[in-house]
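Let me begin by presenting the structure, written as C-alpha cells, before commenting on it.
The values are calculated or read from the model by the stated rules, or taken from the named source; none is laboratory data. From a predicted model like this one, the values you see are computed outputs, not experimental measurements. Every residue, glycine among them, receives a Cβ derived from its backbone with ideal geometry; neighbour counts consider all protein chains shown. Remember, those area values only see protein heavy atoms, side chains included, never the ligands or the DNA or RNA. Shrake-Rupley method; radii C 1.70, N 1.55, O 1.52, S 1.80 Å.
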Amino acid sequence: MFLSLGRTEFPLLNDFPFLGELKGNFIMKDENQELPVITTGDGNKQKLSPLLLRMYLESEGFGQFMTTNDRTTKRFFFRNDENVLRIFSADNIRDYVVKNLETFLDGEDASQAVILIDLMSRYRSASLESEVLFQIQCFGEFQNKDSEKLELASDDPDTCFIRFLNGVVVITKDDITLIPYCELSDQGAVWENSIIRKNIEIDETLGLYEQFCRNAMRVRDNKLASADSDWTREYPMTDSVEKNFQSLRSSIGYLLHADNTVQKAIVYIDRNSTITKEEGGNGKTVVMKSIQYFRDRMSVNGKQFYKGGGGDRFAFSGVTPSTGLIHIDDIDKNFDFKTLFAFLTGDLEVEGKGTNKVIITEDRKPKFGITTNYVLQGGGTSHARRQHIVEFGDYWNRCSKEGEAPWEQEHLGKRLFNDFNQKDWNQFYTFGFKCIQLFLRKGLVNGAMGSYEEKQLATSVASEPEVQEWIRNYV
C-alpha cells in the first residue's frame with residue numbers, strides 16, 4: 001500500500017511491520033525538523049543524489065578544513081556545531097546521517113525514512129568521499145578562492161584559555177579567572193578536543209599530582225642514611241631540587257600553552273641513568289602523559305622513530321589540527337635529535353600511507369615532548385636552542401626498589417587520575433594553571449643540570465658507550 005504525494009509514492013508504515021518493534025528505541029524527532037531531501041526518483045526507485053546530499057550536509061554544518069593556502073594538501077572533514085568543530089571521517093558522516101534519519105521512524109515520515117536509511121547504509125565510504133564530500137564547502141584560517149575563512153579561537157603570547165564544561169579559565173601573568181562562555185562568544189570556533197569534559201573550580205591547595213611532581217625531582221643524599229629505615233629522609237628538598245621543580249613546572253606550562261612563539265622540544269630524562277644502564281620508573285612518562293588531560297596527545301614509539309637513519313616519514317600520520325602534543329616516548333640511545341629540526345621550526349608536514357600530505361601551519365602545530373633514559377646525541381647552540389632538558393631524580397625509582405608503590409598510603413594514598421575525585425581534579429587542573437602562569441611570567445626556567453652535561457660532554461668525545469662511561473668515571 002502506498003501514499004501518493006504528487007507524482008511520488010511512498011510505502012506506508014504498515015508495509016514495514018518490524019518498525020513497530022523498532023520505533024520505541026529511538027528518540028522522538030524535533031517537531032520542527034523535516035526529513036531531509038537527499039534522493040531523486042520516485043518510490044522504491046529512489047537514488048541518493050550527490051548534490052542534494054551535499055546541500056543537506058552543508059546545512060547541518062559539515063565542511064572540509066584546509067590547514068594552509070595550498071589547495072593540493074589533504075583536508076579534514078568536520079562539523080561546526082555551534083562554534084565547536086568536531087572532526088569526522090566519511091564513515092562518521094554516513095553514520096551521522098543514518099542516526100538522524102532514525103529519529104523519523106516514529107513519525108509520519110517513517111516509510112520514507114526507511115528507504116533513506118537503506119540507501120545511506122549501503123553508500124560506500126569511498127563513494128561518499130569521491131562523489132559528495134570532495135565538493136563540500138571548504139573552510140580555512142585564510143580566505144582565498146578555494147576556502148571561506150573560519151575564525152579559530154587561540155592562545156596568544158600573553159594569555160591562555162582552558163575550556164571546561166562550566167566555563168573558560170583565562171590565565172595571564174597576573175590572574176587565573178573562570179569566566180562564562182558568553183564573555184568569549186566573539187573569540188572564534190574551537191576544536192572539540194580542546195574542551196575538557198569536566199566542570200572546574202579553582203583550588204590552589206596542594207594536590208596529589210603536584211606532590212608527585214615535586215617528589216619526582218628529589219635526589220638521594222647518601223650522607224643522610226636514615227636510622228629508622230625511613231628511606232624518604234634521604235631525599236631532602238634542596239635548592240637544586242627546588243630549581244629543577246620550577247624547571248619542570250615551566251615545561252608543563254609551556255606544553256599546555258597553545259601559543260607557538262617559542263618552539264622547543266621538552267625533554268624529560270633520568271638523572272641517574274648511565275650511558276650503558278637504564279634507570280626508569282622515575283615519573284617522567286607519567287608527567288608527559290598527564291598533558292593529555294589538558295590537550296589532545298599523540299604518542300610515537302621512540303624505539304621505532306627514525307630507526308636506521310632512513311626515517312619513518314609516516315611517524316606523525318595520526319596528527320590532526322586538534323593535536324596539542326606529539327609525545328615521542330622512550331627514544332633509542334642512537335636517536336639523532338637533528339632529525340627533529342625540520343619539525344620543530346616552521347610548518348609541520350604530516351604524511352599518511354597512501355594519502356596526500358597535510359601541512360599544519362607553524363602557529364597551529366602541536367608541541368613536542370620527549371621521554372628518554374639516554375643523553376641526546378649532538379651538541380652546540382643549534383641543538384641547545386631547540387631543547388629544554390628536565391632531569392628527573394630517583395625518588396620514585398627508589399620507591400619501587402623498596403617494594404612500595406606511589407599510590408600506597410605512606411606516599412600519595414591513591415592512584416593518580418584513576419582514583420581522583422572532583423577535588424583531586426580541581427587541584428590537578430589548578431596546578432596546571434599555575435604552571436602556565438609561571439611560563440607566561442618567566443618562560444622556560446633552566447634547572448640545575450646535574451649529570452646531564454657530563455654525559456653530553458662524554459658523548460661528544462667518544463661514540464662508543466663503554467668509552468663514554470669510562471670518561472665519566474675515570475677522567
Looking at (1) of a type outside the set (Val, Ile, Thr); (2) over 16 Å from Ile370 (Cβ atoms); (3) modelled with pLDDT of 70 or more, find the lone condition where Gly309 falls short. (3)
By residue number, the members of segment 418-433 that are open to solvent by 30 Å² or more (accessible area, probe 1.4 Å) and acidic (Asp, Glu) are Asp419
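Test of understanding: among Ile436, Ile389, which residue is crowded, with 18+ Cβ neighbours inside 10 Å, at pLDDT 95 or above and either within 29 Å of the chain's Cα centre (by Cα) or within 25 Å of Gln246 (Cβ to Cβ) (or both)?
On the way: Ile389 fails: at pLDDT 95 or above.
Going through Ile436, Ile389 in turn, just one is crowded, with 18+ Cβ neighbours inside 10 Å, at pLDDT 95 or above and either within 29 Å of the chain's Cα centre (by Cα) or within 25 Å of Gln246 (Cβ to Cβ) (or both): Ile436.
Taking into account only those residues within segment 101-127 that are over 12 Å from Thr39 (Cβ atoms) and hydrophobic (A, V, I, L, M, F, W, C), which is most open to solvent (accessible area, probe 1.4 Å)?
In this case the residue turns out to be Ala126.
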Pairs please, first residue from segment 267-286 and within 17 Å of Phe212 (Cα to Cα) and assigned to a strand (DSSP E or B), second anywhere and at pLDDT below 90 and open to solvent by 60 Å² or more (accessible area, probe 1.4 Å), Cβ atoms under 8 Å, 6+ apart in sequence or on different chains. Asp270/Glu278
Residue match in segment 152-172 (condition: in a helix (DSSP H, G or I), within 21 Å of Val84 (Cβ to Cβ) and open to solvent by less than 30 Å² (accessible area, probe 1.4 Å)): no
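Counting only residues that are of a type in the set (Lys, Arg) and outside any helix (DSSP H, G or I), which one in segment 193-249 is surrounded by the fewest Cβ atoms within 10 Å (Cβ to Cβ)?
From segment 193-249, those of a type in the set (Lys, Arg) are 197-198, 214, 218, 220, 223, 233, 243, 249; that's our starting set.
After this cut, where a residue has to be outside any helix (DSSP H, G or I) as well, the list is 197-198, 218, 220.
Details: Arg197: 8, Lys198: 13, Arg218: 23, Arg220: 17.
Only one residue fits best here, namely Arg197.
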Restricting to segment 127-144, count the residues that are closer than 25 Å to Asn83 by Cβ and of a type outside the set (Phe, Trp, Tyr). 10
Every residue from segment 68-84 that is out of contact with any Lys or Arg (no Cβ under 9 Å at 6 or more places or on another chain) and aromatic (Phe, Trp, Tyr): Phe76, Phe77
For segment 133-146, indicate whether the set of residues that are among the acidic types (Asp, Glu) and open to solvent by 70 Å² or more (accessible area, probe 1.4 Å) is non-empty. no
Quick test for you: out of Ala189, Ala110, Ala126, pick the one residue that is modelled with pLDDT under 95 and under 27 Å from the mean Cα position of the chain (by Cα). Ala189
Determine whether Leu35 is of a type outside the set (D, E, K, R), modelled with pLDDT of 90 or more, in a helix (DSSP H, G or I) and surrounded by fewer than 19 Cβ atoms within 10 Å (Cβ to Cβ). no
